[in-house]
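Below is one structure, written out as structure tokens, with a few remarks after it.
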Amino acid sequence: MARIIPLGDQNDMLRQRMPEFDFSNPIKDPADLTATLLTTMKDNRGLGLAANQIGIPTRALAILTEPPEVLFNPKITYMSDEQENLDEGCLSYPGVYVKIKRSKLVRVKYQNLHGEIQTRKFKDMAAKVIQHEVDHLDGIEYFKRAHTVNLERFKRKWEKMRRVLKKVAKTAK
């Protein structure tokens, strides 16, 4: 399992667009990256996880579907006009949620573990997770998609949570 980088630590990798995963010259073996992403996502009880959240600068994401899978170089090719405004959390911002409006259906073109191009539709929660993780790969912090009122509420909650996390970290040392 890899360590998840907290966004609150102002890590630049989480604010930059990630480069494509190059199957001919991989930054990490695709099978190893797949195992690391899936294990870290499951161990942290996440619904999704982007490679840059664990310090690997490439376009790959894990999603808790049945079965769980990793999408390399995902590109959203279609987003439905029908949207839903639901609470959204993030493993890099533990314990803090904010309402985000996301499309209920997306179509994604991506490469599988073997570099084969796939296209797949995701709906409801899976669609929301895909959009969230692709935002990570594009360097977009999820809470920036929130309405102004929800964003201000999120910022107050996150500051309280940061203080709690710092106290916990100090007592753990």
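The values are calculated or read from the model by the stated rules, or taken from the named source; none is laboratory data. Model, not experiment: these values are computed from the prediction. Neighbour counts run over all protein chains shown; Cβ positions are idealised from the backbone, glycine included. Calculation scope for accessible area: heavy atoms of the full protein, side chains included, ligands and nucleic acids excluded. Shrake-Rupley method; radii C 1.70, N 1.55, O 1.52, S 1.80 Å.
Based only on Cα atoms, what mean projected area does the convex hull of segment 134-173 have, in nm²? Write out the running numbers ahead of the final one.
Details: hull surface 15.0 nm².
For the Cα atoms of segment 134-173, the hull's average projected area reads 3.7 nm².
Packing order of peptides 145-153, 88-96, highest average first: 88-96, 145-153 (average count of other Cβ atoms within 10 Å over each peptide's residues).
Do the alpha carbons of any pairs in 28/157; 75/101; 42/144; 109/155; 28/170; 75/99 sit beyond 31 Å of each other, and which pairs? Violating the 31 Å limit, Cα to Cα: 28/157; 109/155; 28/170. Inter-label distance, residue 107 to residue 43: 3.8 nm, where each label sits 7 Å from its Cα along the C-beta direction.
To one decimal place, what Kirkwood hydrodynamic radius in Å is obtained for segment 27-140 from all pairs of distinct Cα atoms?
On the way: mean 1/r = 0.0709 Å⁻¹.
Its Kirkwood hydrodynamic radius stands at 14.1 Å.
Please work out the C-alpha center-to-center distance from segment 1-78 to segment 120-148 and express it in whole Å. Distance between centres, Cα-based: 14 Å.
A simple rule links phi to the HN-Hα coupling: the Karplus curve 6.51 cos²θ - 1.76 cosθ + 1.60 with θ = phi - 60°, which for segment 69-77 gives 8, 10, 10, 9, 6, x, 9, 6, 9 Hz, with x for Gly and Pro. In this structure, residue 148 and residue 81 have a Cβ-Cβ separation that, at R0 = 30 Å, corresponds to a calculated FRET efficiency of about 0.85. Among 20, 66, 133, the largest mean-square fluctuation in a Gaussian network model of the chain, built with springs joining Cα atoms closer than 10 Å, belongs to 66.
Give the accessible surface of segment 11-88 per residue, rounded to a whole number of Å², with probe radius 1.4 Å and ligands, DNA and RNA excluded.
Details: 4010 Å² over 78 residues.
I get 51 Å² per residue for this part.
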